[in-house]
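The values are calculated or read from the model by the stated rules, or taken from the named source; none is laboratory data. None of the values given here were measured: they were computed from a predicted structure. All Cβ positions, even for glycine, are placed from backbone atoms using ideal geometry, and neighbour counts span all protein chains on display.
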Amino acid sequence: MESQLCLDVRRLGWMPYAEAVQLQQVLVADRRAGNIPDLLLLMQHSHIVTLGVSGRHSLSNLRVSRSVLEAMGVELYDAPRGGDITYHGPGQLVGYPILDLRPDRCDVHRYVRDLETVLMRTALAFGVRTARVPGLTGVWVGDDKLAAIGVRLSRWVTSHGFALNVETDLSYFDLIRPCGIEGRGATSLARLTGAPVSLPAVEDVLAKEFGAVFGRVMTCTGRPLVTGGAQNGLRRE
């Protein structure tokens, strides 16, 4: 029982988005098989626009052409997660929980609300008050989104997750229509506080709040992340 209350936090630094997707696929299978504990992966990505299942069949919420993205060095990727279009880039903390929600947390809406609570508590620790917006996911300050959420569940094992703007270059959000909604923008902890914000410090707070909300003891064992998927070149220390 005690092992079920632990969650291993891994700070992976920079990782290409496609590699992060592949890594999660292997970890989900390993978690479902009971080969690894619950995990929280924290990382950053280079500039990329991703399309969730709600937006991949239409580029109507992409404000520029593919050629403009390419010229700017911004990738475009069909992501296997819920939600529409979003942007990832430097200065943004991306979190991918690999959790088995069984037996007592098998509720998708509760899971998303819990992620929002983690992010709201994290922002508050830096003096930023946030809110939910009825009918929309994520964490908001006024009309601007501070954190986006897009998740995937496979037999109650989670992947994908959230992106919190810490010191993100917000001009890149001009490339898209966030959430597919007019009149909504993006903001960051640095903009809202008017001062630099340490991403490692945000990781510290977020891990603590994640443990509190999900009732987990946060650990960092240093064990290899991948067991059964090591042959695919995804073994990470």
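Would it be correct to say that V202 is at pLDDT 95 or above and closer than 30 Å to V26 by Cβ? Spell out how you get there, then give the answer.
Values: at pLDDT 95 or above: yes; closer than 30 Å to V26 by Cβ: yes.
So V202 passes the test.
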Residue that is surrounded by the most Cβ atoms within 10 Å (Cβ to Cβ), among those in region 137-159 that are aliphatic (A, V, I, L, M) and farther than 15 Å from G52 by Cα: A147
Scan region 90-104 and give yes if some residue there is within 13 Å of the chain's Cα centre (by Cα), more than 18 Å from L39 (Cα to Cα), surrounded by 21 or more Cβ atoms within 10 Å (Cβ to Cβ) and touching a residue at least 40 places away in the same chain (Cβ under 8 Å), otherwise no. yes
Give region 57-86 a look and list any residue that's at pLDDT 95 or above and either assigned to a loop (DSSP other than H, G, I, E, B) or aromatic (F, W, Y) (or both), or say none. G73, V74
If you scan region 23-53, which residues turn out to be over 18 Å from E203 (Cβ atoms) and in a strand (DSSP E or B)? I48, V49, T50, L51
I48 of a type outside the set (D, E, K, R) and touching a Phe, Trp or Tyr at 6+ places or on another chain (Cβ under 7 Å): yes
Cβ-Cβ under 8 Å pairs, at least 6 apart or on other chains, region 135-157 side of a type in the set (S, T, N, Q), far side surrounded by fewer than 23 Cβ atoms within 10 Å (Cβ to Cβ) and assigned to a loop (DSSP other than H, G, I, E, B): T137/G83
Quick one: is G95 within 30 Å of V197 (Cα to Cα) and assigned to a loop (DSSP other than H, G, I, E, B)? no
Return yes when V49 is hydrophobic (A, V, I, L, M, F, W, C), more than 24 Å from V157 (Cα to Cα) and surrounded by fewer than 19 Cβ atoms within 10 Å (Cβ to Cβ) and no when it is not. no
Which of the numbered conditions does A123 fail, given that it passes all the others? Conditions: (1) modelled with pLDDT of 95 or more; (2) part of a strand (DSSP E or B). (2)
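Here is a check on your reading of the model: is R63 exposed (fewer than 15 other Cβ atoms within 10 Å of the Cβ) and touching an Asp or Glu at 6+ places or on another chain (Cβ under 8 Å)?
Working: exposed (fewer than 15 other Cβ atoms within 10 Å of the Cβ): yes; touching an Asp or Glu at 6+ places or on another chain (Cβ under 8 Å): yes.
In short, yes.
Could you tell me whether R129 is surrounded by fewer than 24 Cβ atoms within 10 Å (Cβ to Cβ), modelled with pLDDT of 95 or more and out of contact with any Phe, Trp or Tyr (no Cβ under 9 Å at 6 or more places or on another chain)?
Details: surrounded by fewer than 24 Cβ atoms within 10 Å (Cβ to Cβ): yes; modelled with pLDDT of 95 or more: yes; out of contact with any Phe, Trp or Tyr (no Cβ under 9 Å at 6 or more places or on another chain): yes.
It is true that R129 is surrounded by fewer than 24 Cβ atoms within 10 Å (Cβ to Cβ), modelled with pLDDT of 95 or more and out of contact with any Phe, Trp or Tyr (no Cβ under 9 Å at 6 or more places or on another chain).
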What's the total number of residues in region 1-19 that are of a type in the set (A, V, I, L, M), surrounded by fewer than 20 Cβ atoms within 10 Å (Cβ to Cβ) and touching a residue at least 12 places away in the same chain (Cβ under 8 Å)? 4
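Just to be sure I understand, how many residues within region 180-191 are in contact with a strand residue (DSSP E or B) (Cβ under 6 Å, 6 or more places away or on another chain) and aliphatic (A, V, I, L, M)? Lay out the reasoning, then the answer.
Step one: list which residues in region 180-191 are in contact with a strand residue (DSSP E or B) (Cβ under 6 Å, 6 or more places away or on another chain), which gives 185-188.
Filter once more, so that each one left must be aliphatic (A, V, I, L, M): 186.
So the count comes out to 1.
Is it the case that L115 is part of a helix (DSSP H, G or I), more than 25 Å from L189 (Cα to Cα) and in contact (Cβ under 8 Å) with a residue 12 or more places away in the chain? Working first, answer last.
Working: part of a helix (DSSP H, G or I): yes; more than 25 Å from L189 (Cα to Cα): no; in contact (Cβ under 8 Å) with a residue 12 or more places away in the chain: yes.
So L115 does not fit the description; no.
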